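Notes follow once the structure below has been shown.
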Amino acid sequence: SCNDGFLNANTATITSDGVDSFRFIATGFVEGAMDCVISETSVTPGYDPSDPCVFDDVTGGEYTCELSNLAMDGTFTVNKVWDLSGAMGDTVDQTAIFTIMCTNEITSVEGGTPVITPWQALNGGYYETRQLVGEGAIVVTVDTTAGSASCSASEVIETSGVESEDDCDARTIDAGDMSECTFTNTVFFEGIPTL
């Protein structure tokens with residue numbers, strides 16, 4: 001948009017698989033008196049648009065404006081739930097070790113206590129191993145600048161008499177996406193058989 005003159009077009013659509021640039025031509029303006037702003041009005045969800053280009057006191061010539069859309073990080077949340085109704089009052093060790101694997105770099109982690117495992121850097125992925133005691137959640141932030149990430153989670157429990165169910169198989173996380181899964185551990189009472 002400009003405060004003077006005439007433009008060959010007020011809007012242009014630029015897509016990732018089509019035209020990647022557009023030339024606006026201004027005519028009939030007073031040199032040094034025209035101000036123009038070029039900005040985006042619609043951005044793909046999951047991307048942060050850059051600030052608009054501002055040109056003040058425009059004279060003749062060519063001006064270049066570069067707008068960029070940066071991919072927002074994705075998040076993957078692993079929830080932990082315990083069902084202790086079958087413990088019959090017994091004390092249950094509610095410690096679990098979680099390993100979260102993503103194909104893209106994990107940039108931050110919240111929740112749990114870090115655990116170092118010798119195979120963390122293998123298999124061409126990014127791993128985070130955390131320990132949770134009781135219920136809670138572990139949230140990882142994953143970089144999606146280079147494209148979508150695939151993340152999954154697994155757990156190890158030392159306590160016997162615990163059945164584990166989860167929906168933490170690999171899932172795709174696009175720019176700005178949030179995904180979550182849950183591990184549910186059900187405790188079964190292990191009494192002494194009586195004849």
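The values are calculated or read from the model by the stated rules, or taken from the named source; none is laboratory data. Keep in mind that what you see is a predicted model, and the values were worked out from it rather than measured. Ideal geometry is used to build each Cβ from the backbone, glycine not excepted, and the neighbour counts take in all protein chains shown. Note: areas computed on protein heavy atoms with side chains; ligands, DNA, RNA excluded. Shrake-Rupley method; radii C 1.70, N 1.55, O 1.52, S 1.80 Å.
Numerical summary
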{"read-out": "Gained length - Ala33 relative to Phe6, 0.36 nm times residue gap less alpha-carbon distance", "value": "8.4 nm"}
{"read-out": "Geometric extent, Cα atoms of the range 50-119 - Rg, Dmax (angstrom)", "value": "25.5, 84"}
{"read-out": "Rule-of-thumb Rg ratio for the range 91-181 [Cα; 2.2 N^0.38 Å; N residues]", "value": "1.12"}
{"read-out": "The chain - share of DSSP beta bridges that are antiparallel (%, nearest 5)", "value": "85"}
{"read-out": "Rg(Cα)/(2.2 N^0.38 Å) for the range 5-50, N = residue count", "value": "1.44"}
{"read-out": "Surface share of carbon and sulfur [accessible, 1.4 angstrom probe, percent] for the chain", "value": "50"}
{"read-out": "Relative contact order of the range 1-100, pairs being alpha-carbon contacts under 8 Å that are 6 or more residues apart, as %", "value": "21"}
{"read-out": "Amide H partners (placed H, <5 Å) of Gly86, local residues excluded", "value": "Val187"}
{"read-out": "Per-peptide average of other Cβ atoms within 10 Å, ordering 31-44, 94-107 highest first", "value": "94-107, 31-44"}
{"read-out": "³J(HN,Hα), Karplus 6.51/-1.76/1.60, whole Hz, each residue of the range 167-180, x for Gly, Pro", "value": "10, 9, 5, 4, 9, 8, 10, 7, 4, x, 6, 10, 9, 9"}
{"read-out": "Tyr47 long-range amide H proximity, modeled H, under 5 Å", "value": "Met72"}
{"read-out": "Distance histogram for the range 2-101 (every C-alpha pair counted, 10 angstrom bins, percent rounded to whole numbers)", "value": "11, 29, 17, 10, 9, 9, 8, 5, 1"}
{"read-out": "Difference of contour (0.36 nm per residue) and Cα-Cα distance, Val133 to Thr145", "value": "1.0 nm"}
{"read-out": "Equivalent ellipsoid, the chain (semi-axes from 5 times Cα gyration tensor eigenvalues, Å)", "value": "57, 15, 13"}
{"read-out": "Ile173 long-range amide H proximity, modeled H, under 5 Å", "value": "Ala149, Ser150, Cys151"}
{"read-out": "Inter-probe distance in nm under a simple model that places probes 7 Å from Cα toward Cβ, at Ile157 and Asp174", "value": "3.5"}
